[in-house]
Amino acid sequence: MSGTCEALQLKEDDVRRILACGSHIGTTQVDFQMEQYVYKRRPDGVYVMNMRKMWEKMVLAARAIAAIENPGDVFVVSSRPYGQRAILKYAAATGAVAIAGRFTPGTFTNYIQKNYREPRLLVITDPRADHQAVREASYVNIPVIALCNSDTPLRFVDIAVPTNNKSIHSIGLAWWFLAREVLRLRGTISREVPWEVMVDLYFYRDPEEVEKEEQAAKDAAQYSDQQALPPAAENWSAEMEPPTQDWGAEPAPAAAAAMAGGASPAAAAPAQAGGFDDWSAPATEDWSASAPGGDQWGGGATENWA
């Protein structure tokens with residue numbers, strides 16, 4: 001399919017990427033229509049796909065996509081979470097329309113509904129998971145390009161790209177290859193210069209891991225900010241002076257008057273503060289004096305009770 005064109009041949013760097021992501025590793029089952037893309041079967045029963053044929057079909061799919069004049073007429077679909085990040089990145093790079101998540105039935109056939117669309121080309125991640133989109137595309141004669149594993153049925157699929165569509169890294173690499181080749185065929189990027197977009201951006205990321213990484217980055221930033229602050233300067237040479245009290249100062253007027261009258265300052269202080277009784281002062285009444293009226297309890301002394 002790429003023929004003798006040197007620019008479309010499989011490069012050594014791309015082979016390393018395929019081997020690193022395991023894109024050539026299939027499953028333990030094989031569909032009769034996928035046997036032509038199988039290279040061998042390992043002793044553990046896993047089928048291995050031919051990387052050269054994989055690249056030939058990848059280039060063919062890219063040429064079919066680049067032949068569409070309007071990039072918005074190309075729809076990319078992935079209902080599986082592993083491929084949603086990849087198709088969103090692909091759509092942002094090439095201008096295609098991405099349908100990530102559940103595919104609404106009737107999108108290609110029911111013209112009454114609000115989300116009715118008429119694409120010219122459909123690219124899907126997994127024909128098993130995206131069977132609704134593939135079936136509706138067959139009703140309205142829309143060509144279908146699919147990433148197919150060794151056990152994937154090829155019904156209603158026009159261009160099958162043999163690759164591992166169950167691995168996170170393999171799915172991301174396949175969409176990265178498609179985006180790069182489409183941009184090269186359109187003349188957006190040059191083949192002499194490596195594409196600056198990293199393939200890691202097309203890989204699925206777990207939301208919980210992303211939150212953990214963001215929290216760790218925040219903690220590291222806070223720790224670095226604390227380390228960057230200069231330490232507070234402390235003067236240990238300065239001696240603390242003890243509080244001084246002037247014993248030669250004159251006493252308060254109330255205390256001076258009390259001392260002049262013969263009372264102690266401690267006794268005068270409560271009286272000055274709140275007007276309380278001074279129990280320490282000497283008594284002014286003489287309890288030993290005789291009661292008025294003498295000893296006459298029953299009347300006068302001249303009264304005769306007999």
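Worth a mention:
- When region 133-185 is reduced to its Cα atoms, the Kirkwood hydrodynamic radius in Å: 12.2
- Contact order relative to length of region 57-124, as percent, for alpha carbon pairs under 8 angstrom and 6 or more apart: 36
- Element breakdown for region 1-61 at a 1.4 angstrom probe: carbon and sulfur atoms account for 52% of the accessible area.
- In Å², nearest 10: area of W195 left accessible to a 1.4 Å probe: 30
- Estimated at 0.36 nm per residue, the fully extended path between E69 and S138 surpasses their Cα-Cα distance by 22.7 nm.
- As an equivalent ellipsoid, region 129-221 spans semi-axes of 32, 21, 12 angstrom, where each value is the square root of five times an eigenvalue of the C-alpha gyration tensor, largest first.
- Sparsely packed chymotrypsin sites (Phe, Trp or Tyr not before Pro) within region 89-153, loop by DSSP, other Cβ within 10 Å at most 10: Y111
- A Förster radius of 22 Å, combined with the Cβ-Cβ distance separating K53 from F32, puts the computed FRET efficiency at roughly 0.85.
- Qualifying trypsin sites (Lys or Arg not before Pro) in region 1-110, where qualification requires a DSSP coil assignment and no more than 14 other C-beta atoms within 10 Å, comprise K11, R102.
- Dimensions in Å of region 17-68 - Rg and Dmax from alpha carbons: 12.8, 43
- When region 70-188 is reduced to its Cα atoms, the Kirkwood hydrodynamic radius in Å: 14.3
- Three-way shape label, region 1-102, alpha-carbon gyration tensor, a/c 1.5: oblate
- Sites matching GluC sites (Glu not before Pro) across region 149-230 that sit in DSSP coil, with at most 14 neighbouring C-beta atoms within 10 Å: E192, E196
The values are calculated or read from the model by the stated rules, or taken from the named source; none is laboratory data. Please read these numbers as outputs of a predicted model, since none were measured by experiment. Every residue, glycine as well, gets a Cβ built from its backbone with ideal geometry; the counts of neighbours run over all protein chains shown. Note: accessible area is taken over every heavy atom of the protein model, side chains too, but ligands, DNA and RNA are not part of it. Shrake-Rupley method; radii C 1.70, N 1.55, O 1.52, S 1.80 Å.
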